[in-house]
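Notes for the one structure printed next.
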Protein chains: 2
Amino acid sequence: MKEQLVKFESEFSIDCVIFGFEAGELKILLIERKNEPFMDWLALPGDLVENDEGIEEAAERILHQLTGLHDVHMEQFHTFGAVNRHPRGRIITVAYYALIRIDSQRELKAGQFAKRALWHSVNDLPKLAFDHTEIFKTGFNKLRRRLSYQPIAYELLPEKFTLTQLQQLYEAILNKKLDKRNFRKKMLSYGFLKELDEKQKNVSFRAAKLYKFDRRKYSKIFQSEMGVDVDI
Amino acid sequence: MKEQLVKFESEFSIDCVIFGFEAGELKILLIERKNEPFMDWLALPGDLVENDEGIEEAAERILHQLTGLHDVHMEQFHTFGAVNRHPRGRIITVAYYALIRIDSQRELKAGQFAKRALWHSVNDLPKLAFDHTEIFKTGFNKLRRRLSYQPIAYELLPEKFTLTQLQQLYEAILNKKLDKRNFRKKMLSYGFLKELDEKQKNVSFRAAKLYKFDRRKYSKIFQSEMGVDVDI
DNA sequence: GCTTATTGTGTAAAAATTACACCAGTATAA
DNA sequence: TTATACTGGTGTAATTTTTACACAATAAGC
């Protein structure tokens with residue numbers, strides 16, 4: 001094998017599609033790039049992977065740097081490795097998505113390569129830098145599919161939420177209207193929603209009951225019913 | 001940024017879980033390693049990705065080198081990047097699965113790093129080299145899940161097949177018995193199975209009707225019904 | 001107390017899924 | 001030729017799940 005001397009540079013990166021839900025809209029976290037290439041464009045947050053770092057760790061690090069959050073469930077969904085996806089040369093990127101509760105109090109840290117970070121609705125996204133539009137679309141599709149067999153919606157909502165909020169979130173992700181009565185019937189039939197003795201506050205109309213997601217009941221019910229991911 | 005001089009070596013590889021179906025059993029294609037580490041162990045076929053090669057291309061190349069097949073549908077399912085997954089140092093691997101029709105006539109080429117290649121039932125796999133057991137399990141689970149919303153079984157069967165063969169394949173993948181009458185009713189109700197005027201030959205019992213998968217009808221029926229992977 | 005906006009609820013029809021058993025056809029052996 | 005062994009092929013009823021659909025109850029703001 002011929003030995004070649006090259007400037008060492010990590011050839012992989014992580015890109016993150018970070019979903020949040022606010023004001024009835026599904027949003028993702030984007031950064032505005034400070035440098036070329038794609039200066040001033042919006043892009044998915046991401047970074048190169050360090051040499052002594054696993055890819056899961058790297059994904060968590062990036063999310064933490066941006067939001068200050070720890071222990072958020074992230075899920076890898078695809079790896080993009082077309083030869084020319086990056087003008088700087090061959091960079092393979094592993095894409096993750098995360099679901100977080102948007103807290104408008106929390107300050108977003110843009111990091112050294114970005115002018116700023118912002119929440120942007122998934123509905124009227126402009127063209128993103130690199131192949132990030134494709135990455136986003138792929139991630140959004142995985143999220144949709146996953147919603148049908150995992151209770152991921154609860155990671156996007158505040159701890160206490162109303163059934164209407166839950167329904168709006170499903171509608172935002174699936175991009176279609178759902179029937180209110182059937183939706184509530186179905187959700188309640190699962191048995192892992194816990195009705196609280198509390199109601200919405202500060203609304204100028206009839207306040208709705210609050211619910212929370214009962215993780216314990218969920219795992220009891222679904223320990224092996226969804227049955228597909230069982231070990232072999 | 002400090003410039004470091006290092007011997008260049010690709011840091012990614014591709015590993016393939018190649019499924020086939022033969023004698024009522026689901027099998028995968030394995031190689032027996034010729035060199036250390038893990039000499040003589042069974043492993044998934046894989047290789048480093050060349051610098052001027054996209055990851056999809058690399059996956060196709062590996063499959064082609066092994067089986068001589070072209071144009072096989074491959075699907076990426078996960079990327080494994082734990083720091084210590086490979087004793088040689090940091091190697092991130094992108095895993096693909098492929099579904100092929102086992103043709104016992106076709107010779108398998110083991111390639112320069114393997115003593116031989118073989119089909120092995122998924123049911124009594126020994127421990128595989130590196131983290132390949134984990135990779136296999138992950139891929140098998142994805143295959144199962146995918147079976148429920150895509151007609152992938154047809155890629156594993158010969159062009160003409162009986163309903164019993166189709167059912168055995170489903171049973172092998174899902175690892176459970178299915179009811180014959182309900183299974184047939186359901187499959188036929190989809191409308192993309194074409195009944196042929198032909199029967200099984202050389203069997204020592206009543207010969208079954210042969211069917212084939214009608215790809216055209218399938219896409220007509222499911223153009224947007226499965227609706228989830230639509231563009232945004 | 002009137003208006004306005006949203007919550008919360010039930011039933012009937014249709015569709016999909018499940019459970020279940022026996023006769024028909026072909027090859028082989030007696 | 002007859003019997004045997006084996007697999008192919010078929011229908012119905014009960015249950016469960018999904019869908020479609022409309023109005024009274026409640027709270028806030030005026």
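The values are calculated or read from the model by the stated rules, or taken from the named source; none is laboratory data. This structure is a prediction, so every number in the text was calculated from the model and none was measured. Backbone-built Cβ (ideal geometry, glycine too); neighbour counts: all protein chains shown.
Answer yes or no as to whether B:Leu174 is assigned by TED's automatic domain parsing to the domain that holds B:His73 and of a type outside the set (Lys, Arg). Judged against the criteria, B:Leu174 is not a match.
Could you go through segment B:206-228 and let me know if any residue there is at positive phi, within 12 Å of chain A (Cβ to nearest Cβ) and of a type outside the set (Asp, Glu). Within segment B:206-228, one or more residues are at positive phi, within 12 Å of chain A (Cβ to nearest Cβ) and of a type outside the set (Asp, Glu). Per the conditions (1) at pLDDT below 95; (2) of a type in the set (Gly, Ala, Ser); (3) under 14 Å from the mean Cα position of the chain (by Cα), the sole criterion not satisfied by B:Ser10 is (3). Condition check for A:Gly54 on (1) buried (at least 17 other Cβ atoms within 10 Å of the Cβ); (2) more than 11 Å from chain B (Cβ to nearest Cβ): one failure, at (2). May I ask you to verify whether A:Leu29 is more than 14 Å from chain B (Cβ to nearest Cβ) and at pLDDT 90 or above? Spelling it out, A:Leu29 is indeed more than 14 Å from chain B (Cβ to nearest Cβ) and at pLDDT 90 or above. In segment A:174-195, the residues that are within 14 Å of chain B (Cβ to nearest Cβ) form no Cβ pair under 6 Å with any partner that is near DNA strand D (Cβ under 9 Å from one of its atoms), whether six or more places apart or across chains. When B:Tyr97 is tested against (1) crowded, with 17+ Cβ neighbours inside 10 Å; (2) hydroxyl-bearing (Ser, Thr, Tyr); (3) over 15 Å from the mean Cα position of the chain (by Cα), just one condition goes unmet, and that condition is (3). Being crowded, with 18+ Cβ neighbours inside 10 Å and over 17 Å from A:Phe19 (Cβ atoms) is true for just one of A:Phe140, A:Phe136, A:Phe113, A:Phe80. Which residue is that? Testing whether each residue is crowded, with 18+ Cβ neighbours inside 10 Å and over 17 Å from A:Phe19 (Cβ atoms) leaves just A:Phe80. Being over 17 Å from the mean Cα position of the chain (by Cα), among the hydrophobic types (A, V, I, L, M, F, W, C) and part of a loop (DSSP other than H, G, I, E, B), is that true of even one residue in segment B:18-38? Yes, segment B:18-38 has at least one match.
When A:Leu147, A:Leu178, A:Leu157, A:Leu128 are checked against the criterion of being within 16 Å of DNA strand D (Cβ to nearest atom), closer than 30 Å to A:Asp15 by Cβ and of a type in the set (A, V, I, L, M, F, W, C), A:Leu147 stands alone in meeting it. Answer yes or no: is there a residue in segment A:66-88 that is assigned to a helix (DSSP H, G or I) and in the same structural domain as A:Glu32 (by TED's automatic domain parsing). Looking for residues that are assigned to a helix (DSSP H, G or I) and in the same structural domain as A:Glu32 (by TED's automatic domain parsing), one finds at least one in segment A:66-88, hence yes. Looking at this structure, is B:Val94 over 27 Å from A:Gly81 (Cβ atoms) and at the interface with another protein chain (Cβ under 9 Å from one of its Cβ atoms)? Here the answer is no, as B:Val94 does not meet what is asked. If the condition is being closer than 20 Å to A:Ile55 by Cα and more than 10 Å from chain A (Cβ to nearest Cβ), then segment B:57-88 contributes B:His86, B:Pro87, B:Arg88. For segment A:40-49, the count of residues that are assigned to a loop (DSSP other than H, G, I, E, B) and within 13 Å of chain B (Cβ to nearest Cβ) is nonzero.
Those helices (runs of 4 or more DSSP H) of segment B:157-232 in which 1 or more residues are at pLDDT 95 or above and within 12 Å of DNA strand C (Cβ to nearest atom) occupy B:163-174, B:180-190.
Across segment B:103-154, the number of residues qualifying as over 23 Å from B:Phe192 (Cβ atoms), not hydroxyl-bearing (Ser, Thr, Tyr) and not in a helix (DSSP H, G or I) comes to 27.
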